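Read-outs throughout are calculated quantities, based only on the coordinates presented, and are distinct from any laboratory measurement. Treat the numbers as computed from the prediction; the structure is a model and nothing was measured. Every residue, glycine among them, receives a Cβ derived from its backbone with ideal geometry; neighbour counts consider all protein chains shown.
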Amino acid sequence: MSVTVRPVTSAVGAEILGVDLRKLSDQDFNTIEQAWYAHSMILLRGQQLSDDDLLAFSRRFGELDPPPNQERGRISPPGYPDIYVVSNVLDKKGEPIGALGAGEAVWHTDMSYLDTPPDASMLFSLEIPPSGGNTWFCGMQAACDALPADLKKKIEGRRIKHDGTYNSGGYLRKGVTPTDDPMAAPGAWHPAILRHPANGRATLYLGRRRNSYVEGYAREESDAVLEALWAHVTQPQFVYEHHWKLGDLVMWDNRSTMHRRDPFNGEARRVMHRTQIKGTSRPIAFAA
């Protein structure tokens with residue numbers, strides 16, 4: 001079967017058909033990589049991957065980043081330090097085997113609190129609940145292209161503070177001092193509008209809402225600008241809702257998307273394994 005690329009929305013995402021990631025030719029990989037650059041998020045269904053298979057595919061995109069520091073530190077399957085477990089399941093001792101629980105994960109960009117965030121993340125479904133836990137993606141290039149002129153003027157040439165205090169589930173990261181003061185929070189400053197290094201397009205780069213701050217404004221002004229940005233980018237025309245099936249692998253570009261997760265019944269089991277591709281460069285501001 002030949003590889004087919006089918007967009008899932010006009011703003012973000014494409015499904016890749018006709019591929020078994022365990023038997024991937026260089027030509028098919030090139031097609032997948034180009035689809036990722038073009039659509040910012042790719043979906044491959046029906047994959048049967050071991051952790052070694054997941055790592056082998058991930059490493060074709062570059063060097064891997066270690067898992068993020070979450071509420072319980074860095075949680076990986078035994079013997080696989082480059083894989084991060086996202087799960088609500090408890091082990092025999094009553095301890096979570098992964099991070100983020102069963103609650104909502106708010107809109108965010110992975111690890112943007114670092115000076116050089118990961119270029120990409122992958123999530124592979126091993127167990128899924130009967131309902132809930134859907135993952136939403138936002139196309140930040142399409143949202144940037146459609147940015148109202150007055151709002152664009154307020155952020156052009158400015159940076160945004162990206163918070164490293166809390167993760168997307170609202171949990172305090174292990175070993176971090178709690179704060180809701182953006183100026184005291186750990187994190188990095190990045191351009192509000194960056195230039196994507198692969199395709200040259202302008203893309204909004206927001207990170208997450210909590211403890212973020214737009215430089216050059218008073219706190220109240222910054223909050224008003226951020227609220228307007230979040231209201232703009234999360235409009236229906238810029239988002240895709242993914243309903244998970246077993247064997248789904250989803251990969252997204254952290255430079256040109258945000259994502260969030262719906263909550264689900266905490267008594268149901270959800271187990272995902274995630275990898276991430278190390279950033280190749282710090283985010284660079286877009287210059288028209």
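Contact map, region 157-173: first residue farther than 14 Å from ALA185 by Cα and touching a residue at least 12 places away in the same chain (Cβ under 8 Å), second residue in a loop (DSSP other than H, G, I, E, B) and of a type in the set (A, V, I, L, M, F, W, C), Cβ cut-off under 7 Å, separation 6 or more or different chains; pairs are ARG158/ALA192; ARG159/ALA192. The residue pairs whose first member lies in region 123-137 and is in a strand (DSSP E or B), whose second member is of a type in the set (S, T, N, Q), and whose beta carbons are closer than 6 Å, counting only pairs six or more residues apart or on different chains, are PHE137/THR257. In the set SER87, SER40, SER76, only one residue is closer than 28 Å to THR280 by Cα, surrounded by 20 or more Cβ atoms within 10 Å (Cβ to Cβ), among the hydroxyl-bearing types (Ser, Thr, Tyr) and within 19 Å of the chain's Cα centre (by Cα); that residue is SER40. Within region 7-37, being in a helix (DSSP H, G or I) and either free of Cβ contacts under 8 Å to residues at least 60 places away in the same chain or surrounded by fewer than 17 Cβ atoms within 10 Å (Cβ to Cβ) (or both) holds for ASP26, GLN27, ASP28, PHE29, ASN30, THR31, ILE32, GLU33, GLN34, ALA35, TYR37.
Restricting attention to region 217-229, does a residue exist that is among the polar types (S, T, N, Q) and out of contact with any Gly (no Cβ under 9 Å at 6 or more places or on another chain)? Please lay out each step first, then the result.
Initial filter on region 217-229 (among the polar types (S, T, N, Q)): 222.
If we keep only those that are out of contact with any Gly (no Cβ under 9 Å at 6 or more places or on another chain) too, we end up with none.
Scanning region 217-229 turns up no residue that is among the polar types (S, T, N, Q) and out of contact with any Gly (no Cβ under 9 Å at 6 or more places or on another chain).
All of (1) small (Gly, Ala, Ser); (2) over 20 Å from MET272 (Cβ atoms); (3) in contact (Cβ under 8 Å) with a residue 24 or more places away in the chain hold for SER40 with one exception: (2). Scanning region 246-260 finds no residues that are touching a residue at least 24 places away in the same chain (Cβ under 8 Å), of a type in the set (Gly, Ala, Ser) and in contact with a Pro (Cβ under 8 Å, 6 or more places away or on another chain).
Taken as a whole, the condition of being assigned to a loop (DSSP other than H, G, I, E, B), touching a helix residue (DSSP H, G or I) at 6+ places or on another chain (Cβ under 8 Å) and within 17 Å of ASP110 (Cα to Cα) does not apply to ARG282.
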